[in-house]
1. Which Cα, out of Val112, Ala50, Gly131, lies furthest along the positive dipole direction of the chain (beta carbon charges, K/R +1, D/E -1)?
2. Per 0.36 nm of contour for each residue apart, how much would the distance between Leu150 and Leu85 grow if the chain were fully extended, relative to their Cα-Cα spacing?
3. Dividing the Cα radius of gyration by the Kirkwood radius, what Rg/Rh value follows for the chain?
4. Taking the Cα centre as origin and putting +1 on Lys and Arg beta-carbons and -1 on Asp and Glu beta-carbons, what dipole magnitude results for the chain, to the nearest 20 debye?
5. Given R₀ = 35 Å, what would the calculated FRET efficiency be for Ser46 paired with Arg22, taking r from the Cβ atoms and rounding to 0.05?
6. At a 10 Å Cβ-Cβ cut-off, how would you order Lys2, Lys88, fewest neighbours first?
7. Quick one: Karplus J couplings for the range 91-105, per residue in order, coefficients 6.51, -1.76, 1.60, θ = phi - 60°, nearest Hz, x for Gly and Pro?
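Values quoted throughout were computed directly from the atomic coordinates according to the rules given, and no laboratory measurement underlies them. None of the values given here were measured: they were computed from a predicted structure. Here the Cβ positions follow ideal geometry from the backbone for every residue, glycine too, while neighbour counts run over all protein chains shown.
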Amino acid sequence: MKVFKVVFIVVFALLLQTTLLRFLVGSEVQLDLVLVAIVYLAMTTSPVTALLSGAAGGVIQDALSGGIIGVSGVAKTIVGFSVALVGKEIIIARSLPRFVIFFGATLLHASVFLGLYSMLVVPIPNSSVGGVFGAALGNGLIGAGLFQLLRALPRLRVRWRGMSGGRVKPRLEW
């Protein structure tokens, strides 16, 4: 995957997370679209790309959220690298295993995130067991659904061209 696509996915997830998410699902639902993007990248790219995108996305998310800078970066780095290593060892071709990966990655992220906060001398962010499992369920559903949609887009594009008679406007190249 090209660097531009990786940067686009992480930035797009950050923009959705910080601007539109609270209006779409409400403030009581805790979804982490940046984590979903990192896990998607981890399942479709290399471990190094997952590690770097997790670190960058997490640090930027920390800076935008007002928390301690680096905690989410470390958590997303560990999750991205772990998912990439697991993804290279097992076949994740169906929706249920993808859901399980997103669900487990969210639980791992919460464990690392809350574990790091517990070692610091600052208050731990509000997080209940039900909230963590709710976020894991939401991230799993969104992640598996988006993964399926992104995998289907090239096939839909080919089908759309076939329905239009295969006529494509010629491109002017300079």
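1. Checking the options against the dipole of the chain, the answer is Ala50.
2. 21.2 nm
3. Result: Rg/Rh = 1.04.
4. On the way: 15 positive and 5 negative charges, 238 e Å.
Result for the chain is approximately 1140 debye, rounded to the nearest 20.
5. The computed FRET efficiency comes out at 0.60.
6. Fewest to most other Cβ atoms nearby, the residues stand as Lys2, Lys88.
7. Residue by residue, the range 91-105 yields 8, 10, 10, 10, 5, 5, x, 5, 4, 4, 5, 5, 4, x, 5 Hz.
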